[in-house]
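The values are calculated or read from the model by the stated rules, or taken from the named source; none is laboratory data. Quick caveat: nothing in here was measured; it's all calculated off a predicted structure. Cβ sites come from the backbone with ideal geometry, for glycine too, and all protein chains shown count toward neighbours.
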């Protein structure tokens with residue numbers, strides 16, 4: 001079985017893990033109701049997308 005000859009330093013280990021981060025979701029305000037919503041999605045609060053009512057929200 002393969003065994004490493006030397007211990008991996010914490011710096012080397014951390015450099016390898018630098019890309020393991022989560023990105024915050026990109027949210028934009030709805031032009032109709034000013035509620036935050038994901039980009040290019042219908043607003044769940046008012047049902048508008050690109051200044052047109054797409055979904056009837058009651």
Original post:
Which of the residues belonging to region 8-23 are assigned to a loop (DSSP other than H, G, I, E, B) and modelled with pLDDT of 95 or more?
Top reply: 8, 9
Subject >> Selected residue (criterion: farthest from the chain's Cα centre (by Cα)) from residues of region 33-58 that are surrounded by 11 or more Cβ atoms within 10 Å (Cβ to Cβ) and part of a strand (DSSP E or B) >> reply: 53
